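Engineer: Take this structure, written in structure tokens, and hold onto it; I'll ask about it next.
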Amino acid sequence: MGFRYYLTTPIYYVNDEPHLGHAYTTVAADALARYMRLRGGDVFFLTGTDEHGQKVERAAREKGERPIELADRMVDRFKALWGRLEISNDDFIRTTEDRHKRATQLFFQQIYERGDIYKGTYEGWYCTPCETFIPETQMEEGNTCPDCGRPTERLKEESYFFRMSKYQSALLNHIEKHPDFIQPVTRRNEIVSFVERGLKDLSISRTSFSWGIPVPGDPKHVMYVWVDALANYITAAGYGQDPERFARYWPANLHLIGKDILRFHAVYWPTLLMAANLQVPEKVFGHGWWTVEGRKMSKSVRNVVEPNRLMDEFGVDAFRYFLLREVPFGLDGDFSRAALIGRINGDLANDLGNLFSRVLTMVDRYQRGMLAGPKEPSGPLSSGAKEMTEEVRGLMEGLAFHRALGRIWDFIGEMNRFVDEKAPWVLARDKERKGELEGVLNALGEGLRIVALHLAAFMPGTARAMWSQLGLSGKPEESVGEDLWRWGIQQGAREIRKGGALFPRIEKEVVSVGGETPASVGEKSGPAGSAKEGGPKISIDEFARLDLRVAKVLSADSITGSKKLIKLEVDLGGERRTLLAGIAQTHKPQDLVGKKVIVVANLQPAKLMGIESQGMVLAAVADEKNIVLVVPEGDIPPGTRVK
Ligand code: MSP
């Protein structure tokens, strides 16, 4: 067995249906779990539900159910969603299970026996939606919760207390000695200043309701729901029931949570563990929150994003991809359908989907559907694949999912350029270049295998489809171990099984996520929309005077003395032209060679820096630092008219 990797999601409250936020944490954890398995790790991936406490008890009462009935119903909803999202958890814990009751009582007992729990009276405020005791000093005007802004309640009840104050310096020491314990760094700083302001003892039992785990030996008290909930992480690792398993899996490598519940995980949890003489988890990572089209997700605004609805429309993998690609993990992000559709059409349908189908079509056409591993261990594309694999490994270990995906897409871009440069359709015309053609197509096949392997962590269904269309046996997730990541490991000829497109383009009218307010995106805004911002309208005849053409970049050079300009030699379909493009701040000349661009071919020539530019390259310019070239979506010969 390889290295062991124990990672967890928060366990979700069962008072309500799962939504985008819950899916986010769980999909991120799943991508990491899958990646670690592909790397040969002995992974234990845990998720589950948090079923006790006042909040759930009240929600059940409002619905006219017993708490356990509500919990049973909601657990089915969570499990169904995780099934559909292909979440590969190894265990699903419910806090109402017997194994958890026993482990939590033992945990409480241990701390009690070590002298860090005492009985007293809690008098103060409580926020039921957050299940938090709020010290008098942090109370806001109007007695609302400083975290969620909702009304709090005054409590006065007998309670057990945990001597958290005793662990203040031990916790600060731990954080200092383990700089990776709390991440991202900004969150660690927040926690450090919170702890430095002074830790108070923590109330850890309630007597005014009964939906919880009874305190051992004093059953009129039920345990504070956060103590009960946090203990799930040790229950599932075998605490008190399976010492061998517990020794293998505890401490956890990673608790993946949202930033909202960091204090519970980075202050309460480690101090409780220290008091029970147990090890502290290696890392707690607090990711950011999603808003929806700029607003907080909330039932009253009716903008709660239901993952099932999005998956009905766009598919499971597009949704998974979007969640992890769109926003740097750790920062807040905004959800919009327009952004999701943009990612599907751009990254998935265009960059990945087109490359995949182009390559398989050529293998069909020029090699009668046969693909083999590349002959030379260091053939074309091999160093690109190797660098990508190494870098993605580091990025995944640092939980930089968006950058890992970005890096995989850089390699996809490299492969797309390779196709354009090598032009297999030209090689195919020449019998003498058969060997060269084979080398190119086999390298592309191997590159796609490596891409599929990486994508198996993020988009398991897509990776499986790629695997099988590439003629590989089994499933990518069954293939574990370091060898598989090596270029050229897959030898021997095999027959591909070309199937349908991986990601069809979305060509639809776009309405907002909640389905309430229509929101337009680029695709929808027609000429009238652009005319409003862009000046007077032109007639179709005026437009027809523009001679727009596809051109292929043959060479590109920087120009001494110019920070902005690059000199391009392009093929305009039999005609060679020199063009100057103001893209030096955003593009490297060597990256442009082989690219197809769109040029205005009938523009009056102009001299700049002593060079005559015979046309203009089209680009979308947001600002100086954000310029993207307009490129043809598919493979089309230079000189083709754009209209
Ligand atoms: N039951 C506690 C956790 C106990 S863990 C020992 C709880 N549950 S919860 O159902 O409220 O889920 C909280 C988690 O859901 C957050 O930490 C976060 O991971 C996720 N999210 C909920 N809404 C979210 C967003 N709008 N955006 C991103 N994630 C959010 O707290």
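The values are calculated or read from the model by the stated rules, or taken from the named source; none is laboratory data. The shown structure was predicted, so the numbers you read here are calculated from the model rather than taken from an experiment. Methodologically, a virtual Cβ is constructed for each residue, glycine included, from the backbone with ideal geometry; neighbour enumeration extends over all protein chains shown. For the accessible areas, the whole protein counts, side chains as well, though only heavy atoms, and no ligand, DNA or RNA atoms are used. Shrake-Rupley method; radii C 1.70, N 1.55, O 1.52, S 1.80 Å.
Engineer: Return the residue satisfying two criteria in turn: it lies in segment 1-18 and is closer than 24 Å to R393 by Cα and among the hydrophobic types (A, V, I, L, M, F, W, C), and of such residues it is surrounded by the fewest Cβ atoms within 10 Å (Cβ to Cβ).
Structural biologist: Going through segment 1-18, the residues closer than 24 Å to R393 by Cα turn out to be 1-9.
Filter once more, keeping what is among the hydrophobic types (A, V, I, L, M, F, W, C): 1, 3, 7.
Working: M1: 7, F3: 11, L7: 26.
Ranking the candidates gives M1 first.
Engineer: Can you name the condition, by its number, that P216 falls short on among (1) farther than 29 Å from S336 by Cα; (2) touching a helix residue (DSSP H, G or I) at 6+ places or on another chain (Cβ under 9 Å); (3) crowded, with 23+ Cβ neighbours inside 10 Å?
Structural biologist: Here P216 meets the rest and fails (3).
Engineer: Yes or no: A28 within 14 Å of the ligand (Cβ to nearest atom) and either open to solvent by less than 40 Å² (accessible area, probe 1.4 Å) or in a loop (DSSP other than H, G, I, E, B) (or both)?
Structural biologist: When the stated conditions are applied, A28 passes them.
Engineer: A follow-up question, please. In the list A404, A452, which residue meets the criterion of being within 16 Å of L484 (Cα to Cα) and crowded, with 22+ Cβ neighbours inside 10 Å?
Structural biologist: A452
Engineer: What's the number of the condition S473 fails, among (1) buried (at least 23 other Cβ atoms within 10 Å of the Cβ); (2) within 28 Å of the chain's Cα centre (by Cα); (3) not β-branched (V, I, T)?
Structural biologist: (1)
Engineer: May I pose another question? Since S193 meets every condition but one in (1) open to solvent by less than 30 Å² (accessible area, probe 1.4 Å); (2) more than 16 Å from the ligand (Cβ to nearest atom); (3) not acidic (D, E), which condition does it not meet?
Structural biologist: (1)
Engineer: Follow-up. Only strands (runs of 3 or more DSSP E) wholly contained in segment 529-643 count here; list those with 1 or more residues that are in contact with a Ser or Thr (Cβ under 7 Å, 6 or more places away or on another chain) and not hydroxyl-bearing (S, T, Y).
Structural biologist: Output list reads 548-558, 566-571, 576-581, 606-608, 611-613, 626-629.
Engineer: Still on this structure: What helices (runs of 4 or more DSSP H), lying completely within segment 207-326, carry at least 3 residues that are touching a residue at least 60 places away in the same chain (Cβ under 8 Å)?
Structural biologist: So the answer is 225-230, 232-235, 269-275, 307-314, 316-326.
Engineer: Okay, moving on. Counting just the residues of segment 269-327 that are within 13 Å of the ligand (Cβ to nearest atom) and hydroxyl-bearing (S, T, Y), which one comes out nearest to the chain's Cα centre (by Cα)?
Structural biologist: T291
Engineer: So if I check each of G21, G40, which one is within 8 Å of the ligand (Cβ to nearest atom), more than 24 Å from V280 (Cβ to Cβ) and surrounded by fewer than 24 Cβ atoms within 10 Å (Cβ to Cβ)?
Structural biologist: G21
Engineer: Are any residues in segment 327-345 aliphatic (A, V, I, L, M), open to solvent by 20 Å² or more (accessible area, probe 1.4 Å) and part of a helix (DSSP H, G or I), and if so, which ones? First the steps, then the outcome.
Structural biologist: If we filter segment 327-345 for residues that are aliphatic (A, V, I, L, M), which is where we start, we get 327, 331, 338-341, 344.
Now restrict to residues that are open to solvent by 20 Å² or more (accessible area, probe 1.4 Å): 331, 338-339.
Passing the criteria: A338, A339.
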